[in-house]
Ligand SMILES: *Cc1c(COP(=O)(O)O)cnc(C)c1O
């Protein structure tokens with residue numbers, strides 16, 4: 001099966017999960033995670049109908065961003081270092097992985113210089129695993145409040161990665177938790193902070209994520225096939 005067939009199969013599963021949850025499939029954006037994939041593979045996916053690509057390293061995304069000549073949006077789904085903030089502002093329309101005030105301040109500064117506004121999601125560490133980025137759930141309201149003062153970034157929601165090895169239904173508690181954090185931030189009614197988006201769910205668990213309210217799902221291997229090891 002090629003990229004196009006796999007993409008259509010994922011779209012069909014999205015539609016079915018949305019249906020089960022009484023949701024509209026149009027309210028769920030599929031982010032095709034293209035880390036480690038070549039420009040040719042990415043272009044094949046875009047031709048098949050992919051509208052949003054997710055990359056997890058700025059440096060890797062840079063070359064592909066220059067190489068892919070088809071209209072597509074780029075999202076950053078991986079951890080961002082402050083020294084890559086300027087490039088990130090140039091390339092990405094949404095940063096899923098904002099997890100500290102200093103990083104927010106740097107993105108804001110760089111965005112302002114370029115006369116742009118950058119949409120961001122606050123990454124929440126719902127599993128508590130030390131290997132995972134993200135703020136602890138109880139700090140999300142506080143960070144969103146501090147970020148709300150920055151004029152060139154806009155908080156649009158939250159993102160999480162489930163626990164390592166937890167797939168399908170096993171990942172559900174992390175998604176439920178992110179939704180609860182979203183409700184807490186939303187009820188704090190912070191000016192300039194929207195909680196429109198929940199980025200959660202990957203190849204192994206996106207259906208459960210949709211059932212729990214995901215508006216953005218990040219899917220790599222189910223579209224592009226098994227990932228080659230990084231060199
Ligand atoms: C790689 C990655 C994904 C996609 O993972 P798959 O299991 O290949 O679907 C999603 N989110 C993040 C943050 C990633 O790094």
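Among 109, 227, the ranking by other beta carbons within 10 Å of each residue's beta carbon, starting with the fewest, stands as 227, 109. The length gained by stretching the chain between residue 149 and residue 40 to full extension, at 0.36 nm per residue less their Cα-Cα distance, is 35.1 nm. The antiparallel fraction among DSSP beta bridges confined to the chain stands at about 0%.
Which of rounded, prolate, oblate describes the range 158-231, given a ≥ b ≥ c as roots of the alpha-carbon gyration tensor eigenvalues and a/c under 1.5 marking rounded, otherwise prolate only if a/b is larger than b/c? Prolate, because a/c is 1.5 or more and a/b exceeds b/c.
Each listed q (0.10, 0.11, 0.15, 0.19 Å⁻¹) maps to a log10 I(q)/I(0) for the range 1-134, found by the Debye formula over equal Cα scatterers with no solvent: -0.38, -0.46, -0.82, -1.14.
Among 119, 19, the ranking by other beta carbons within 10 Å of each residue's beta carbon, starting with the fewest, stands as 19, 119. Between residue 86 and residue 15, the modelled labels are 4.6 nm apart [label points 7 Å from Cα along Cα→Cβ]. Counting beta carbons within 10 Å around each of 96, 226 and listing the fewest first gives the order 226, 96.
Taking every C-alpha pair closer than 8 Å and separated by at least 6 residues, the mean separation divided by the residue count of the range 94-231 gives a relative contact order of 21 percent.
With the helix formula -39500 (n - 2.57) applied to DSSP H stretches of n ≥ 4, the chain reaches a computed 222 nm mean residue ellipticity of -12000 deg cm²/dmol. Taking label points 7 Å from Cα along the Cα-to-Cβ direction, residue 138 and residue 24 give a separation of 3.9 nm.
Could you work out the relative contact order of the chain? I mean the mean sequence separation of Cα pairs under 8 Å and 6+ apart, divided by the number of residues, in percent. That works out to 21 percent. Using C-alpha pairs under 8 Å with a sequence gap of at least 6, the mean separation divided by the residue count of the range 26-112 gives a relative contact order of 24 percent.
Centre-to-centre, using Cα atoms only, the range 73-114 and the range 186-230 are separated by 18 Å.
Throughout, read-outs are computed from the coordinates displayed, never taken from laboratory work. Since this is a predicted model, take the numbers as computed values, not measurements. So basically every Cβ, Gly included, is an ideal-geometry build from the backbone, and we count neighbours across all protein chains shown.
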